[in-house]
């Protein structure tokens, strides 16, 4: 009866591990697509694998002890079934270990992709700031109410200022593109 119970449990673990394997495969195949809740799903898979490992390890140790201990309660005919069960539990433990490594690798890949996306956003924001900070400075200087500023007395002064700002922004954007930052 004890063997039957453990055999049913090990068979259930196979099903659970197979479901987690399919979830891992799905996450691997869709990792480069939209990453809305992938991190949470990977964490859930890792948590489930830890739960299975914590459930299988003690059972495996008990079955190993039953197969190695000489007892009048366990007949040689029954011992064969326990050895088969031990083999199944060892396979489950190995599969859980492999899937945990794959899940960790997926988690690392997810973190890398998230960091890459964040770095791209930060690059764009930095370039945006680098272009507009000098323009803000020039607008601040030329927007002051100085009495004697030679460019204000010139009729084309406003046009010169606008062209200077456009040239400065275009030059900076061209330089960023040349450096392949854009």
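The values are calculated or read from the model by the stated rules, or taken from the named source; none is laboratory data. Since this is a predicted model, take the numbers as computed values, not measurements. Reconstructed Cβ throughout: ideal geometry from the backbone, glycine too, with neighbour counts over all protein chains shown.
Just one of the listed residues (152, 132) is surrounded by 10 or more Cβ atoms within 10 Å (Cβ to Cβ) and at pLDDT 85 or above, namely 132.
Given the condition in a loop (DSSP other than H, G, I, E, B) and farther than 16 Å from residue 7 by Cα, answer yes or no: does some residue in region 88-99 qualify?
no
If you go through region 155-182 and keep only what is outside any helix (DSSP H, G or I) and surrounded by 11 or more Cβ atoms within 10 Å (Cβ to Cβ), you end up with 181, 182. Of the listed requirements (1) part of a helix (DSSP H, G or I); (2) touching a helix residue (DSSP H, G or I) at 6+ places or on another chain (Cβ under 7 Å); (3) within 30 Å of residue 31 (Cα to Cα), residue 121 misses just one: (2).
Only one entry in 70, 65, 40 is over 30 Å from residue 165 (Cβ atoms), surrounded by fewer than 16 Cβ atoms within 10 Å (Cβ to Cβ) and within 24 Å of the chain's Cα centre (by Cα), namely 40.
Residues in region 33-50 that are farther than 16 Å from residue 22 by Cα and either modelled with pLDDT of 85 or more or part of a loop (DSSP other than H, G, I, E, B) (or both): 33, 34, 35, 36, 37, 50. The sole residue among 54, 29 that is loosely packed, with under 13 Cβ neighbours inside 10 Å, closer than 27 Å to residue 5 by Cβ, out of contact with any strand residue (DSSP E or B) (no Cβ under 8 Å at 6 or more places or on another chain) and without any contact (Cβ under 8 Å) to a residue 12 or more places away in the chain is 54.
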